[in-house]
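Scroll down for the structure; my scribbles are underneath it.
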Amino acid sequence: METIPPQRATRIEAATEGRIAEAARLLREGRLVAFPTETVYGLGASALDETAVASVFAAKGRPKFNPLIVHVSERRDAEAHVAFNPNAQALADAFWPGALTLVLPRLGSSSLSLLASAGLDTVAVRSPRHPVARALLEVAGIPIAAPSANRAGSVSPTTADHVARDLYSRLDLILDAGPCPLGIESTVIGFEADRPVLLRPGAITREAIEDIAGPLAEPAEGDVKAPGMLASHYAPRARLRLDVHELRAGEALLAFGPNVPSSSNPICNLSPRGDLAEAAANLFAMLRQLDQSGVTTIAVMRVPDRGLGEAINDRLRRAAAPREAAP
Ligand code: TXA
Ligand code: MG
């Protein structure tokens, strides 16, 4: 059974210099702070503090086998804990700071929490680009373990309000800097014999990664390499029906592009002009909004699979998958 975390009032504060300094102090004291990144809001804890990391798992209701991403300010901060291969170096050169997570072998000398990487011999590391995340890492002076700041299995948060709805009273402070610019999580790359493997499609496209590191291998079938990639994830309450052309009675519509079936039911358009970056930025907020309208089914128009569409369709398929039994 999950232990119930202590209840406390959560403060939501604009991410000013003073609040960032306070957030840094709280993190160093082992407390939990949510903060914006360029992808989604993260639920942060000191990655050096086993107890603080344990409370992240408790606050999210996250299964302990699903490891967290450790956020660092600079590449050298990651090099203190993991071993970079030449492809990983080239990818970090190209995309850090940014929406790329690298899963690399943990160094024997690393002081990172073992729970953060769920006992695996690898650690996922990322240097975020968002100015608030960067300021927080610099002032705190410690690596920050941070999963997306939502309850396990639900839709990732792209605003401070989403975090508060999911996690209120389960953390001390939410730093609010408005909506996350990219809106979809980082791309997660692992390595097999130094060859890059796509563990999770995300905000940096396959094409951009392959330009630097060559063709991406798929994770071996039946081998859950990113343990968070369970089929049912990002799940709204409503059922999702994908690739629709026509609406059925009572369905809400998540549209894409200029040609939208007319409807008197709730409707959100990911991007009326058919732009995939705009669609990624809107995806989680619109899924939440349609879900809150109380419909039983959300019909989703087809989103092309190229570029950022790969990550968008990955999240939509997971949101549509039948629920697993609670862990
Ligand atoms: O954009 C993002 O990546 C956001 C922001 C906050 O940085 N974070 C995020 O974290 O999406 P989370 O915990 O929701 O997703 C992390 C993913 C999971 O699928 C997890 O299984 C995978 O990364 N992961 C973490 N450590 C891993 C490891 N050592 N080996 C394989 N996969 C790992
Ligand atoms: Mg997540």
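The values are calculated or read from the model by the stated rules, or taken from the named source; none is laboratory data. The model shown is predicted, which means the values in this text are computed figures rather than measured ones. Quick reminder, even Gly has a Cβ in these numbers, built from the backbone with ideal geometry, and neighbours come from all protein chains shown. Accessible surface is based on the protein model in full, side chains and every heavy atom, while ligands, DNA and RNA are left aside. Shrake-Rupley method; radii C 1.70, N 1.55, O 1.52, S 1.80 Å.
Among the candidates Val155, Val132, Val163, Val125, the residue that is without any contact (Cβ under 8 Å) to a residue 60 or more places away in the chain and either within 12 Å of ligand 1 (Cβ to nearest atom) or under 14 Å from Thr39 (Cβ atoms) (or both) is uniquely Val125.
Evaluated against (1) within 16 Å of ligand 1 (Cβ to nearest atom); (2) open to solvent by 20 Å² or more (accessible area, probe 1.4 Å); (3) not aliphatic (A, V, I, L, M), Gly18 falls short on exactly one condition, (1).
For Ser109, the conditions (1) open to solvent by less than 50 Å² (accessible area, probe 1.4 Å); (2) assigned to a loop (DSSP other than H, G, I, E, B) are fulfilled apart from (1).
One residue alone among Ile144, Ile209 is surrounded by 24 or more Cβ atoms within 10 Å (Cβ to Cβ), more than 13 Å from the chain's Cα centre (by Cα) and either of a type in the set (A, V, I, L, M) or more than 16 Å from ligand 2 (Cβ to nearest atom) (or both), and that residue is Ile144. Scanning the stretch 212-260 for residues that are of a type outside the set (A, V, I, L, M, F, W, C), at pLDDT below 90 and either open to solvent by less than 60 Å² (accessible area, probe 1.4 Å) or more than 25 Å from the chain's Cα centre (by Cα) (or both) gives Pro219, Pro227, Gly228, Ser232, His233, Tyr234, Pro236. Go through the stretch 263-292 and give me each residue that's assigned to a helix (DSSP H, G or I) and within 22 Å of Gly307 (Cα to Cα). Across the stretch 263-292, the qualifying residues are Leu276, Ala277, Glu278, Ala279, Ala280, Ala281, Asn282, Leu283, Phe284, Ala285, Met286, Leu287. Could you list all residues from the stretch 8-51 that are free of Cβ contacts under 8 Å to residues at least 60 places away in the same chain and within 14 Å of Ser113 (Cβ to Cβ)? Correct list: Gly30, Thr51.
Looking at Val295, Val303, which one is in contact (Cβ under 8 Å) with a residue 40 or more places away in the chain, of a type in the set (Val, Ile, Thr), assigned to a loop (DSSP other than H, G, I, E, B) and buried (at least 23 other Cβ atoms within 10 Å of the Cβ)? Exactly one residue qualifies, and that residue is Val303.
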